[in-house]
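Only one structure is covered here, and it is reproduced in the block below.
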Amino acid sequence: MSDHDAKTPNSTRAADSAPAADGVAWLDAEGRIVRVNEALARLLGHARGALEAMTLADLEPEIDRDVEAGLDPGRGREAWRRLWARLEAAGAVTFEASYRHKSGASVPVEVTVFFISSDGAGSAAASVRDLSDRRRAEAALAAAKAEAERANAAKTRFLAAASHDLRQPLHAMELLVSALSGEPLSEEALSIVSDMQDSLSFTRRLLDSLLDVSELEAGTITPSFEEVPLAPLLGRIHQQYLGIAREKGLDLRLVPCSLAVRSDPGLLERIFDNLVSNAVRYTDRGRVLIGCRRRGELVRLEVWDTGPGIPESGHAKIFDDFCQLDSSAKERGAGLGLGLGLVRRLAELLGHPVRLRSTLGRGSLFWVELPLAAGQARAAPPPGRQEGEARAEAEATVMIIEDDAMVLNAMRIVLEAWGYEVVALASAEAARAAEIVPDVVIADYRLPGGETGAQAIVELRRRAGRALPGVIVTGEILPEALAEVAAQDLHVMKKPVRPAKLRALIRNLCQG
């Protein structure tokens, strides 16, 4: 044993046995450094003798944050007295600081000061741990996070532009084909129009699924929970698929439901729309039944079908993206197998479990579990077509604000074919200059001059002195765009719009 070790108390030797990576300084009651180990000398680039002539304050601490809130060692005897008082109360104090290397560089450190034996070389010791690697790792992590956020923002902007630009021509084509189907055509021409409608419908479904999944991946969809009466939602979906079901010879039945749930109405409708669409598409004979049933404080939104069923081995993977258990599905135009993958993603976002019960050859049952709304709004099922609807269409004036000439012309042709008086304008400026006050305004979100359709409708409302019904028909997916529309109490329809849905909405708005 060396003379130096012989004079060192046991507690001091224990502190000296700290991990080699840690520097240690022994301090007297006045805060002066009595002794240091080799690790601390290497960390700060000083000779051991030079450090032993200093105090902690001489190491130039610049406190970054205090692990034990309220500590500010600072410098000088007063700072040491405050630190000593904390030591007497807590036994140990830890803080992070930046000590100065002999070269002048700053060394980030974690310092823990604690009591040791009151005799011998010191009354307290400071363990000094180098945080350089951790700080570098934190900086790299922060840089990676910032880069990921930039990439995600770029992806969101791309999706918004792609959504808008891809939907525009599809929207125009669906409207024009719809108008063409109402014209007196030969049987052969009508068959071609029908094939065009099927092709466009298939393309729209693919685009909707791909963009919906991309929106969820980009994190641009934020649920807005409210009380949702189920009767209108079920009624809309039933009417939407009734014609398709009849063409296939299916019996699509709706069980009336007076319950209300707590959910995001738009996202919930997208979930149920996909479930019903799948049931109708894959059921070749028999029936599809949609409805709801209460289970205590939960409501099960259900879709039954008499389709081919799903083997038990496929139950777990049926909700995966691009899953098609039937190898002939793609040949029948069933799509990419994204529908149930989208259902799963949306259900997870909303916190609504989706369940499946199916037997091969005997059909399937899909259901969504939703919390019952506290208010229990009991909305009546949507009424059927009234005798006055045709008259309402003939007497109503619809203003269209759309800067895409192809879409504007298609919208005008379709609305006039439905019997409406149409004012077709290409900008918000033209709408402000128009003297007519319409019954309904349909506007694209993006308009020339950086204006939005929501702003244009608000201005028309101000001029009319009443809340004109407004519809934003858009391919936008950015949350701020959708939030602006929602704040102005406007209806939203995503491009490409199904003509039947647009007609039903305008009819309802005209009836007040």
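Bear in mind these aren't lab numbers, they're just calculated from the coordinates by the rules spelled out. Because the structure is a prediction, the values reported are computed rather than measured.
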| field | Shape of the range 435-500, Cα gyration tensor, a/c cut at 1.5 | value | prolate
| message | Apply the a/c threshold of 1.5 to the C-alpha gyration tensor of the range 277-322 and tell me whether it is rounded, prolate or oblate. | response | oblate
